[in-house]
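Report on the structure given below.
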Amino acid sequence: MRIAELLAHGERNVEVTAKGWVRTKRGNKNVAFIALNDGSTIHNIQVVAETAAFDETLLKNITTGACLKVTGLLVDSPASGQPVEIQARTIEIYGLADPESYPLQKKGHTLEFLREIAHLRPRTNTFGAVFRIRHAMAYAIHKYFNDRGFYYWNSPLITASDAEGAGAMFRVTTLAPGETDFNEDFFGRPTNLTVSGQLEGELAAMALGQIYTFGPTFRAENSNTPRHLAEFWMVEPEMAFYEIEDNMNLAEDFIKYLVNYALEHCADDLAFLEKMYDAELTERLRFVTANDFVRLTYTEGVKILEEARDTKGVKFEFPVFWGADLAAEHERYLVEQHFRRPVIMTDYPKEIKAFYMKQNEDGRTVRGMDVLFPKIGEIIGGSEREADYDKLVARMDEMGVPTETMQWYLDTRRFGSAPHSGFGLGFERLVLFVTGMTNIRDVIPFPRTPKNAEF
Ligand code: 4AD
Ligand code: MG
């Protein structure tokens with residue numbers, strides 16, 4: 001039985017077997033107390049071993065990090081804070097962990113140090129909690145969409161297009177250094193790792209109605225920030241017949257569902273993270289589920305920021321004016337200082353958004369939407385899509401997006417076009433928010449960032 005089960009409903013005075021890794025050992029010359037963890041829960045099970053009953057070398061070899069199989073009676077624990085303990089009858093050591101070289105000792109380690117040993121950090125309480133929550137969020141995403149009739153769709157990871165038109169892509173090639181003839185390359189043309197599954201997701205939405213992708217995406221932006229990864233996971237629902245309002249409603253409902261799911265299913269891990277890192281964690285999560293998100297246009301948002309600067313003396317590092325791409329400091333001012341609530345901002349200047357967004361009547365703005373969150377900034381980016389073939393082609397021409405190689409995409413607008421919308425949720429930004437961690441490198445098992453592809 002896994003330790004979570006033993007702790008939750010193990011039958012008393014019955015012999016049980018537990019297998020796991022030693023977190024700590026303490027005791028005296030008569031008895032050893034071993035805290036054992038198998039990853040199934042943040043809680044350890046206490047193993048009590050009478051020293052007289054065990055070989056001295058065996059007990060000596062039970063050190064932090066060693067892996068054990070323990071058999072013994074499960075009994076009510078006299079110690080506070082744990083329901084049961086195991087009175088060990090036999091202990092087998094599966095694997096030793098030499099205390100001289102095992103890097104995870106009993107004392108707490110900094111998150112920075114743990115990043116250097118990302119291959120071992122899942123064995124800490126913190127990363128056990130984070131990765132269990134990450135799993136719960138992935139499961140909840142599939143459940144949310146499945147329960148609502150969305151189909152899981154898989155866009156390719158290797159593509160010859162640049163979905164966002166942002167140009168920060170990783171080349172995929174089998175050419176040797178110095179070879180430049182793409183005819184000789186594996187695909188016979190330049191290819192790259194995808195920055196988004198959206199464009200292929202749109203094809204699917206125009207056939208299956210409602211789909212979502214959930215997979216890795218890659219961006220070679222040189223942004224060394226606590227919120228950017230070069231390889232991150234994105235969830236991208238795409239819905240036929242959704243206009244921007246419907247898209248906003250879905251995004252808000254979706255995030256609230258996920259946060260609620262964490263509150264309901266990850267209580268122990270959240271309590272641990274709250275105690276160790278972030279005293280307001282669950283309060284913040286509850287707040288998000290309980291309150292409507294503010295909805296406002298980019299134009300209104302800029303007005304608020306300009307006023308804050310001109311009349312309240314708020315200092316921003318980057319300039320604010322209509323047309324500026326808002327920086328994280330601006331987004332966070334609106335969310336954390338001005339509204340104190342999540343914000344969905346819409347109707348951005350077309351110059352700062354991607355070519356596929358539906359153009360508004362005013363000729364200046366597009367029907368994009370960003371969901372802005374406390375502590376995180378942008379957690380979702382999305383839009384209603386330009387469904388009109390001619391308008392889309394005109395915009396692509398204006399922005400230098402090649403229409404010849406994108407006929408496959410334009411075909412959705414040539415044949416049976418329809419209003420449709422979608423958005424992308426940055427999975428690690430969601431996990432950041434839910435866990436209260438502050439660096440995105442600490443919510444993905446093996447972070448990929450500039451100058452770092454270790455493990
Ligand atoms: O706003 P973005 O660039 O939107 C798209 O890619 C659209 N194709 C989505 C769509 O409409 N289907 O990215 C979406 C989200 C962002 O809001 C952010 O949460 C996350 O992806 N994101 C990143 N997360 C980690 N590291 C990065 N470098 C990220 N870039 C974007
Ligand atoms: Mg964006």
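The values are calculated or read from the model by the stated rules, or taken from the named source; none is laboratory data. None of these values were measured; they are calculated from a predicted model. Cβ: placed from backbone, ideal geometry, glycine included. Neighbour counts: every protein chain shown. Only protein heavy atoms, including side chains, enter the accessible area calculation; ligands, DNA and RNA are left aside. Shrake-Rupley method; radii C 1.70, N 1.55, O 1.52, S 1.80 Å.
Some points to look at:
- Along each principal axis, Cα extent of the chain, largest first, Å: 85, 60, 43
- Classification of the stretch 88-178 by its C-alpha gyration tensor yields an oblate form. The axis ratio a/c (a ≥ b ≥ c) is 1.5 or more, and b/c is at least a/b.
- By accessible area, using a 1.4 Å probe on protein heavy atoms only, the stretch 154-302 has 51% of its surface on carbon and sulfur.
- Checking the Cα-Cα distances for Lys29/Lys69; Lys353/Lys391; Lys25/Lys275; Lys350/Lys391; Lys358/Lys391 against a 20 Å cut-off, the pairs over it are Lys29/Lys69; Lys25/Lys275.
- Charge dipole of the stretch 18-72 (Cα centre as origin; +1 on each Lys and Arg Cβ, -1 on each Asp and Glu Cβ, all else neutral): 140 debye, rounded to the nearest 20.
- Stretched out straight at 0.36 nm per residue, the stretch from Asn154 to His142 would grow longer than its current Cα-Cα span by 3.0 nm.
- Taking the protein heavy atoms of the stretch 303-421 in the context of the full set of protein chains, the accessible area attributed to carbon and sulfur is 48 percent at 1.4 Å.
- Axis angle, to the nearest 10 degrees, between helix 298-311 and the longest C-alpha principal axis of the chain: 80 degrees.
- For the pair the stretch 406-441 and the stretch 198-245, the centres of their Cα atoms are 3 angstrom apart.
- When peptides 50-63, 175-188, 15-28 are sorted by average Cβ neighbour count within 10 Å, with the highest value leading, the order is 15-28, 50-63, 175-188.
- For the chain, the longest principal axis of the Cα atoms and the long axis of helix 389-399 meet at an angle of about 80 degrees.
- Accessible area expressed per residue, the stretch 320-374, with surrounding protein chains retained (probe 1.4 Å, Å²): 38 Å²
- Projected-area average for the stretch 3-106 over all orientations - Cα convex hull basis, square nanometres: 6.3 nm²
- Per residue, the solvent-accessible area of the stretch 3-106 (1.4 Å probe, heavy atoms of protein chains only, all protein chains present) comes to 52 Å².
- Across the chain, the mean sequence separation of Cα contacts (distance under 8 Å, 6 or more residues apart), normalised by length, yields a relative contact order of 13 percent.
- Judged by the mean number of other Cβ atoms found within 10 Å, the most tightly packed of the peptides 131-141, 76-86, 278-288 leads the ranking 131-141, 278-288, 76-86.
- Cross-link reach list, aspartates and glutamates versus Lys315, counting only Cα pairs under 12 Å and skipping chain neighbours closer than eight places: Glu306, Glu307, Glu329
- Taking the DSSP beta bridges with both ends in the stretch 230-377, the antiparallel portion is around 65 percent.
- Antiparallel DSSP beta bridges within the chain, as percent of all bridges there, nearest 5: 90 percent
- Percent carbon-and-sulfur accessible area, the stretch 3-106, ignoring ligands, DNA and RNA, probe 1.4 Å: 50 percent
- Taking trypsin sites (Lys or Arg not before Pro) across the stretch 409-455, the ones in a DSSP loop with at most 10 further Cβ atoms lying within 10 angstrom of their Cβ are Lys451.
- The stretch 155-228: proportion of alpha-carbon pairs further apart than 22 angstrom, %: 36 percent
- As a rough guide to protection, the peptides 243-254, 90-101 ranked by mean Cβ packing within 10 Å, highest first, stand as 243-254, 90-101.
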